[in-house]
Amino acid sequence: MMTPEIALVTASHMPKPDLDTGLLVEAMARIGIHAATMPWDDAVQWADVPLVVVRTPWDYSRRFEAFMAWAGRVDGETRLLNPFPLVRWNGHKSYMLDLDAKGVPIVPTTLFRANDLRAPERLSTITAASEIVVKPAIGAGANGAMKARKDDPALARHLAEILQSKDALAQPFVPGVAESGEVSLVYFGGRYSHAIRKRPARGDFRVQDQHGGTLHPHEPTARELAVGLAALAAAPMPSVYARVDLVEWEGNPVIMELEMIEPELFLRRSAEGLQRFAQVLKTALS
């Protein structure tokens, strides 16, 4: 098998189908670039690949330490995108506090450190909101997230269980998510490309498709675009690809997530975005 010019990194065991990366391989071929999908945990001579692009290693949060060790090693052997310092920063959701410190509007976020025995009893004091979402600080796809009234003993127990081995985040539940969902802004090379609105299934708060969420077209507002650019500017270094997830909080768009490791980019929903990404990767290769 001929070594590709670009490796599009995926995983050996995917929690859900990857509907976009095959389209990107085809788009790269149309502009004369040989790209191929490669699981990050395969026995690959990564140093032989000129450009390694982290695309859909959707098991990384479950194997976090091994994945970060892989990314750091590959970053030292060849060119990794996004670069390892950005991957490392974005891998722990405490980056939300970094955004907040730089004036980027976020969903109010409290970080609890692992083994904080007093955290559950403080949970009900962190916000005036009646409902809270608790989730691991290292995670993806809303796995491990729980929404409940802030005085619900089950929520405190859930937080305590997470903190036995991991850090955790607590955020007030954003009521508008149940109806309006989240807006995802996709960026390539720091420039806005396209947007999607993700809505949860009826009765749920999780917008991801594996939880029944659905995708809808969206035309971003000027305020949404301004928040998206502010989030990118607050990151420790520029990104080649990124997704900014926004929700409405107190009448304004705020950051729910900033995804710079393995975001779904909804390329199948934007032919123009697919071509933009292909061109950005071609430029990065040269």
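The values are calculated or read from the model by the stated rules, or taken from the named source; none is laboratory data. All figures in this text were calculated on a predicted structure; none of them were measured in a lab. So basically every Cβ, Gly included, is an ideal-geometry build from the backbone, and we count neighbours across all protein chains shown.
Any residue in the stretch 97-125 that is under 15 Å from Pro172 (Cβ atoms) sitting within a Cβ distance under 6 Å of a residue that is of a type in the set (Phe, Trp, Tyr) and assigned to a loop (DSSP other than H, G, I, E, B)? List the pairs, counting only those 6 or more apart or interchain.
Final answer for the pair search is none.
Please go through (1) in a helix (DSSP H, G or I); (2) under 25 Å from Trp58 (Cα atoms) for Arg122 and return the number of the only condition it doesn't satisfy.
For Arg122, the exception is condition (2).
Rundown of residues vs (1) over 18 Å from Tyr241 (Cα atoms); (2) assigned to a helix (DSSP H, G or I); (3) assigned by TED's automatic domain parsing to the domain that holds Thr21; (4) in contact with a helix residue (DSSP H, G or I) (Cβ under 6 Å, 6 or more places away or on another chain), yes/no style:
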residue	(1), (2), (3), (4)
Arg63	yes, yes, yes, no
Met68	yes, yes, yes, no
Gly72	yes, yes, yes, yes
Leu80	no, no, yes, yes
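Hey, can you tell me all the residues within the stretch 20-39 that are under 16 Å from Pro50 (Cβ atoms) and assigned to a loop (DSSP other than H, G, I, E, B)?
Correct list: Ile31, Gly32, Ile33, His34.
Looking at Leu267, Leu246, Leu274 in this structure, which one is under 14 Å from Ile106 (Cα atoms) and either in contact (Cβ under 8 Å) with a residue 40 or more places away in the chain or outside the structural domain of Met146 (by TED's automatic domain parsing) (or both)?
Residue meeting the stated conditions: Leu246.
Rundown of residues vs (1) of a type in the set (Ser, Thr, Tyr); (2) buried (at least 20 other Cβ atoms within 10 Å of the Cβ), yes/no style:
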| residue | (1), (2) |
| --- | --- |
| Leu80 | no, yes |
| Pro85 | no, no |
| Tyr95 | yes, yes |
| Thr125 | yes, no |
| Asn143 | no, no |
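Which is modelled with pLDDT of 95 or more, more than 18 Å from Leu265 (Cβ to Cβ) and either touching a Pro at 6+ places or on another chain (Cβ under 9 Å) or of a type in the set (Val, Ile, Thr) (or both), of Val25, Val49? Let's see the steps before the verdict.
On the way: Val25 fails: more than 18 Å from Leu265 (Cβ to Cβ).
Every option except Val49 fails the conditions.
Of all residues in the stretch 253-286 being aliphatic (A, V, I, L, M) and not in a helix (DSSP H, G or I), which is farthest from Leu99 (Cα to Cα)? So that I can check it myself, show each step before the final result.
The initial filter retains those residues of the stretch 253-286 that are aliphatic (A, V, I, L, M), namely 254-256, 258, 260-261, 265, 267, 271, 274, 278, 280-281, 284-285.
Now narrow it down to the ones that are not in a helix (DSSP H, G or I): 254-256, 258, 260-261, 265.
Working: Val254: 11, Ile255: 9, Met256: 11, Leu258: 9, Met260: 14, Ile261: 17, Leu265: 22 Å.
Looking at the filtered set, the residue picked out is Leu265.
Regarding Pro17, is this residue outside any helix (DSSP H, G or I), under 15 Å from the mean Cα position of the chain (by Cα) and of a type outside the set (Phe, Trp, Tyr)? Don't jump to the end; show me each part of the working.
Numbers: outside any helix (DSSP H, G or I): yes; under 15 Å from the mean Cα position of the chain (by Cα): no; of a type outside the set (Phe, Trp, Tyr): yes.
So Pro17 fails the test.
So Ala222 ticks every box in (1) surrounded by 15 or more Cβ atoms within 10 Å (Cβ to Cβ); (2) at pLDDT 95 or above but one. Which box is left unticked?
Just one mismatch for Ala222, condition (1).
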